[in-house]
Amino acid sequence: MTDTPPICSYEGSDYPTSFWEQGGRAYEDECESNALLKLLPKGGSRMLELGAGGGRNTLKYSDFDQIVLLDYSVSQLEHAQKRLGKKTCYRFIAADIYRLPFMPGAFDCATMIRTLHHMANPRQALEQVHGTLQKDAHFILEYANKRNLKAILRYWLRRQDWNPFSPEPVEFAELNYDFHPRSIRRWLAETSFRLERTLTVSHFRVSALKARIPLKILVWMDSVLQPTGALFQYSPSVFTRSKAVTTVKPIQDGSIFKCPNCDFGPLEDTSPQLNCPRCHKSYPVRGGIYDFRLK
């Protein structure tokens, strides 16, 4: 096993409550919901939700037969279980995004919302995602945009040192990155994704505007502007929809799991513990959460 990039873990955090439910983020939540619903396919067999956290977006994927929620934090997945219930259409997976425990062709759709900005090696993460997808699977990605209007203004006024127009990521806090749209497009192409559509989101993410303009009006204004993302991207958040360029066929029967340590698969689902016959690693299942994290 080789070393992987550092991981940003929300273990033990009250993020779903403190940030979303009590943090005054109703505007951002509704704008992102609008964008996601515009990009989602009509339905499918198996959806992979990467960085699912507390399950904020999971109910939007109800047209899929099975939804697999993946997060590095067990406590966040437990929060999602309380929110969604332990229905058979949900599977809860604790794993490292740089070592995904899934067989090729396991999914016909994947989403990664408010997650890539924690990736020290985003290209490697995208490569892992592609490896789980079948031919023409949809991948919906949200990323934090380095080249946003606020950053440009601050740069011109000399209130920040980093250049919003340069292609490299900027780490504005530990394991929190903003990315240039041009770099995202390049990484998607390099990891065999074909970009189909781009939406810009949260154009009015300004406290003064959110305090003075009614929420419904502000969200409607943002929705009207979202399609301009096809031409230019200057909002703080950007959504993309791509297709996986691959010849991998969907998994028909059997387990979707592989060993993240040695890539052996498929692993037989022998809950409450999955065992790899090649490297002899074991992966426990506790409270309905499969723990594939390598420690």
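Coordinate-derived values only; no laboratory data. These figures come from a predicted structure and were not determined experimentally. When we count neighbours, we look across all protein chains shown, and the Cβ atoms used for this are built from the backbone with ideal geometry, even at glycine.
Can you tell me the length gained on complete extension of the stretch L157 to S255, counting 0.36 nm per residue apart and subtracting the Cα distance?
Numbers: separation 98, 0.36 × 98 = 35.28 nm, distance 5.55 nm.
Here the answer is 29.7 nm.
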note = Taking Cα atoms only, helix 215-225 is inclined relative to the longest principal axis of the chain by an angle, in degrees rounded to 10, of 90 degrees
remark   = Restricting to lysines and to Cα separations under 22 Å from K60, and discarding same-chain partners fewer than 8 apart, the set is K38, K42, K82, K86, K87, K216, K243
ask   = Which Cys residues of the chain have no other Cys beta carbon under 4.7 Å away?
value = C8, C31, C89, C109
request  = Would you mind checking the range 169-185 for residues with the amide N under 15 Å from a putative spin-label position 7 Å along Cα→C-beta of K150?
outcome  = 172-173, 177-179
query = In whole angstrom, how far apart do the alpha carbon centroids of the range 9-81 and the range 242-289 sit?
reply = 23 Å
query = If contacts are Cα pairs under 8 angstrom and at least 6 residues apart, what is the relative contact order of the chain in percent?
reply = 20 percent
key: Cα-based helix-to-principal-axis angle, 74-84 vs the chain, degrees rounded to 10   = 80 degrees
query = Where does each of C109, C8, C31, C276 land when they are ranked from fewest to most other beta-carbon atoms within 10 angstrom?
reply = C8, C276, C109, C31
query = Given 0.36 nm per residue, what is the gain on full extension from S33 to S282 after removing their alpha carbon distance, in nm?
reply = 85.9 nm
request  = May I ask you to order 115-121, 159-165 by the average number of other C-beta atoms within 10 Å around their residues, highest value first?
outcome  = 115-121, 159-165
Cβ charges +1 (Lys, Arg) and -1 (Asp, Glu), total dipole of the chain, debye = 680 debye
Under 11 Å, Cβ to Cβ, from S255 - net charge with Lys/Arg +1 and Asp/Glu -1 = -2
query = Pick the calculated percent of Cα pairs over 35 Å apart for this structure from (i) 41; (ii) 17; (iii) 26?
reply = (ii)
ask   = Residue separation times 0.36 nm, minus the C-alpha to C-alpha distance between F172 and V224: what's the value?
value = 15.8 nm
ask   = Sorted from fewest to most neighbouring beta carbons within 10 Å, what does the list V201, V170, V224 look like?
value = V224, V170, V201
inquiry  = Which of E174, E28 has the fewest other C-beta atoms within 10 Å, and how do the rest follow up to the most?
reply    = E174, E28
inquiry  = Between helix 181-190 and the chain, what is the angle of the helix's C-alpha long axis to the longest principal axis, kept within 0 to 90° and rounded to the nearest 10?
reply    = 30 degrees
